[in-house]
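As structure tokens, the structure follows; a few thoughts come after it.
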Amino acid sequence: MQQEQASRTALLIAASLVLLRHDAKYSRLVSKTSADLCAHVLEKHSSQTLLFLKIVRQTWFQPIAKLLERITIPGILLHYALRKKCIRHLVRSALAERIAQVVILGAGFDSLSSELQREFPTARFWEIDHPATQRHKVRACCEIGIERVHFVPIDLTAAGLDLQRLIVTGFDSAKPTFWIAEGLLMYFPANVVSSLMKTMGSLSAHGSQIAFTFMEQQRDGHIRFHSQTKLVTWWLHTRGEPFLWGTTRSEIGDFIQPWRVIRFFDHNDLREFDSELPDEVIAKGEVICLAAI
């Protein structure tokens, strides 16, 4: 990611969620809160994203979007929506039990913390993200009235997690925490991912959990979605956001210590989060891992 620009991937996912919200067939998969926040970010970010927002809201663009999806990563839009639905389910379950702190790494323009704070008024939420991306999120949240979320601007690849910056906003490492790293770790080198896992573990009381996604490394060593075309690989590299880290389910247990794997969620598991998608294509290659201490 270019240091002074918001993540292009985060902007693309924001546009994808707005697109799905305006598609009658899939609108149920994206909440109004999420679509409104993403739309506000795109509206205020730049003249180019404002134009793109106007386009994705048009009915005539939907078949074009489906064509673009087929020639890039078939099923990626549903993957984005169901990935978020799965993680939301995991966090909600944790909050309904004994966890009352949620920290989201690389939150992008996701609305998860703002939605859950309404459902769980005593829970506390933190979002840690690159300053260049987060400032657009903060402005959007302020303008549409989203409060009670602590925003901590940190370049995780350079500085790592800073405990003091969390503590000054009320974070308590003695309390169980739910950590989230959705669609993030594949952009970091393996040593950075390992360091983040150890740091989060050191800040987590017994009973803490983490939900993160990782790319399953393919047999040929490539790190990508199974149906990803060379066009996507080229786009990620030109935007400075290539996939750098991937692993396998058999190897990840040792890699993420001190965390203990509870279960994985792949494309087949994501399909079960919506009964109306029995024959829909869902992108394969990125897996959600739920782990605990």
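Tabulated values for the structure
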{"item": "Residue in the range 37-55 that is touching a strand residue (DSSP E or B) at 6+ places or on another chain (Cβ under 8 Å), touching a residue at least 12 places away in the same chain (Cβ under 8 Å) and not in a loop (DSSP other than H, G, I, E, B) present", "result": "no"}
{"item": "Count - residues of the range 220-248 that are β-branched (V, I, T), in a helix (DSSP H, G or I) and open to solvent by less than 30 Å² (accessible area, probe 1.4 Å)", "result": "1"}
{"item": "Given (1) farther than 21 Å from G183 by Cα; (2) touching a residue at least 24 places away in the same chain (Cβ under 8 Å); (3) open to solvent by 70 Å² or more (accessible area, probe 1.4 Å), number of the condition L95 does not satisfy", "result": "(3)"}
{"item": "Qualifying position, being open to solvent by less than 80 Å² (accessible area, probe 1.4 Å) and closer than 24 Å to L184 by Cβ, among L50, L20", "result": "L20"}
{"item": "Selection status of E69, touching a Leu at 6+ places or on another chain (Cβ under 7 Å), in a helix (DSSP H, G or I) and open to solvent by 60 Å² or more (accessible area, probe 1.4 Å)", "result": "no"}
{"item": "Helices (runs of 4 or more DSSP H) within the range 100-215 that include 3 or more residues surrounded by 21 or more Cβ atoms within 10 Å (Cβ to Cβ) and touching a Phe, Trp or Tyr at 6+ places or on another chain (Cβ under 8 Å)", "result": "131-143, 190-202"}
{"item": "Top-ranked residue in the range 259-289 [being farther than 22 Å from V91 by Cα and acidic (D, E); ranked as most open to solvent (accessible area, probe 1.4 Å)]", "result": "D279"}
{"item": "Scope the range 41-67; condition within 25 Å of C86 (Cβ to Cβ) and not aliphatic (A, V, I, L, M); matching residues", "result": "Q62, K66"}
{"item": "Positions within the range 254-277 being of a type in the set (A, V, I, L, M, F, W, C) and assigned to a helix (DSSP H, G or I), in sequence order", "result": "F255, L270"}
{"item": "Single residue of E280, E251 found to be part of a helix (DSSP H, G or I) and either within 21 Å of F178 (Cα to Cα) or charged (D, E, K, R) (or both)", "result": "E251"}
{"item": "Out of Y26, Y80, sole residue that is open to solvent by 10 Å² or more (accessible area, probe 1.4 Å), of a type outside the set (D, E) and in contact with a Leu (Cβ under 6 Å, 6 or more places away or on another chain)", "result": "Y26"}
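The values are calculated or read from the model by the stated rules, or taken from the named source; none is laboratory data. Bear in mind that the values here come from a model prediction, so they are computed numbers and not experimental data. No Cβ is skipped: glycine too gets one built from the backbone with ideal geometry, and neighbour counts run over all protein chains shown. Remember, those area values only see protein heavy atoms, side chains included, never the ligands or the DNA or RNA. Shrake-Rupley method; radii C 1.70, N 1.55, O 1.52, S 1.80 Å.
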